Amino acid sequence: MCATAPLSSWAQNPTAQNKPTPVIVSTIAETSFVDEVEALGTLRANESVDLTSTVTELVTQVNFEDGQRVKKGDLLIQMNASEELAELAEENSRLAEAKRQVNRLNSLAATNAATESALDAQRSEVETAKARIQAIQSRVAQRTIVAPFDGVVGLRNISIGALAQPGTRITTIDDDTIMKLDFAVPARFLSVLQPGVTIEARARSYPDKVFSGNITSIDSRIDPVTRSIQVRAIIDNPDRLLKPGLLMRVTLQTNPRQTLVVPEEALTAVGDKSFVYVVKQDQQTHTVEQRSIKIGARRAGEAEVLSGLSASEQVVVHGTVRIRPGAAVKIVAEEKGDQPLQDLIKTEAGGVPGV
């Protein structure tokens, strides 16, 4: 009701009471509209791993710092592998000797100076040496920790000279170029959930930013306790603002359509029915008609019109409390949604060209 208070100045003037009531109107137009479903979700990195050791060994190199960005394959931790490297050198020497023996026996077997069984035994020695080398190389690899993918490492929890233990977390690594947003949606909205549906997400950390994404997958089961289903959306994170674990408020946009909308200020309710005052022009005068309309979904400051209004019709948005059906009105301004009410009233006070 506070929106109509500035217009009451006309009612305080006895002369003005005999004149048409000044009103501000809005023209009905078709616009884009969507149904919105709200939920809370938690962010996850596109890829996320806790880096741990699989052996008990002394750390000899630490090649990263807290929060550093790394590439796939970058060496992060080197542990002592001197014993394994010595065994590897020994096995390589044995393999070389076994190959030389195979070459020698090949030439002898060609002249029947060596038996095929001796040659086969030496070939077996070559294969055995290769297998032992692979086993040692695997043990050497267990003493190096490399980045499994491009990403950012977390806090470093180990230093040079420390004894790494199996299962102890050394650091974390997250691929934060793309974020996964997991959230629960009531099962009654299951019919509108599908991959590709647009979502908007907001976080208290960034109150003025809206992050857009799309649903990529929907869980195969509904929680029997909460009667909700888990949904996952993907959000691009080029500026690296979003972090795993961040709580976000999700707005799910469904059923996009073109429809007529009316400002909520124009609505008056009687019981369970909604009415608006529609401006009618008769030659040089304007009168208002009270019309019942059917309202659909709502959004901030607007309501969807299912029936009762047509595009280009004008409805009263300010001044409704001082008019009655059939009353004469004077249009002092037209609200277009981009001008404050006080500015509209100031414009009227100075005269509105063309009205």
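The values are calculated or read from the model by the stated rules, or taken from the named source; none is laboratory data. Computed from a predicted structure; not experimentally measured. Heads up, the Cβs are rebuilt from the backbone with ideal geometry, glycines too, and the neighbour counts pull from every protein chain shown.
Are there any pairs with C-beta distances below 6 angstrom linking a residue in the range 77-101 that is surrounded by fewer than 17 Cβ atoms within 10 Å (Cβ to Cβ) to a residue that is of a type in the set (Asp, Glu), with the two at least 6 apart or on different chains, and if so which?
Qualifying pairs under 6 Å: 80/57.
Identify, from the list 245, 271, the residue that is at positive phi, at pLDDT 90 or above and surrounded by fewer than 19 Cβ atoms within 10 Å (Cβ to Cβ).
245
Would the range 173-184 turn up any residue that is free of Cβ contacts under 8 Å to residues at least 60 places away in the same chain, crowded, with 18+ Cβ neighbours inside 10 Å and over 17 Å from residue 62 (Cα atoms)?
Scanning the range 173-184 turns up no residue that is free of Cβ contacts under 8 Å to residues at least 60 places away in the same chain, crowded, with 18+ Cβ neighbours inside 10 Å and over 17 Å from residue 62 (Cα atoms).
Mind counting the residues in the range 61-76 that are surrounded by 12 or more Cβ atoms within 10 Å (Cβ to Cβ) and either in contact with a Cys (Cβ under 7 Å, 6 or more places away or on another chain) or under 20 Å from residue 161 (Cα atoms) (or both)?
6
Does residue 316 satisfy the criteria of being assigned to a strand (DSSP E or B), modelled with pLDDT of 85 or more and of a type outside the set (Asp, Glu)?
yes
In the range 231-269, how many are touching a Ser or Thr at 6+ places or on another chain (Cβ under 9 Å), more than 22 Å from residue 195 (Cα to Cα) and free of Cβ contacts under 8 Å to residues at least 60 places away in the same chain?
Within the range 231-269, residues that are touching a Ser or Thr at 6+ places or on another chain (Cβ under 9 Å), more than 22 Å from residue 195 (Cα to Cα) and free of Cβ contacts under 8 Å to residues at least 60 places away in the same chain number 3.
So, of the residues in the range 274-305 that are within 40 Å of the chain's Cα centre (by Cα) and closer than 30 Å to residue 19 by Cα, which turns out to be surrounded by the most Cβ atoms within 10 Å (Cβ to Cβ)?
So the residue we want is 276.
In the range 259-304, which strands (runs of 3 or more DSSP E) lie fully inside it and hold 3 or more residues that are touching a helix residue (DSSP H, G or I) at 6+ places or on another chain (Cβ under 7 Å) and over 15 Å from residue 318 (Cβ atoms)?
none
Considering only the range 314-333, I want to know if a residue exists there that is closer than 30 Å to residue 207 by Cα and loosely packed, with under 13 Cβ neighbours inside 10 Å.
no
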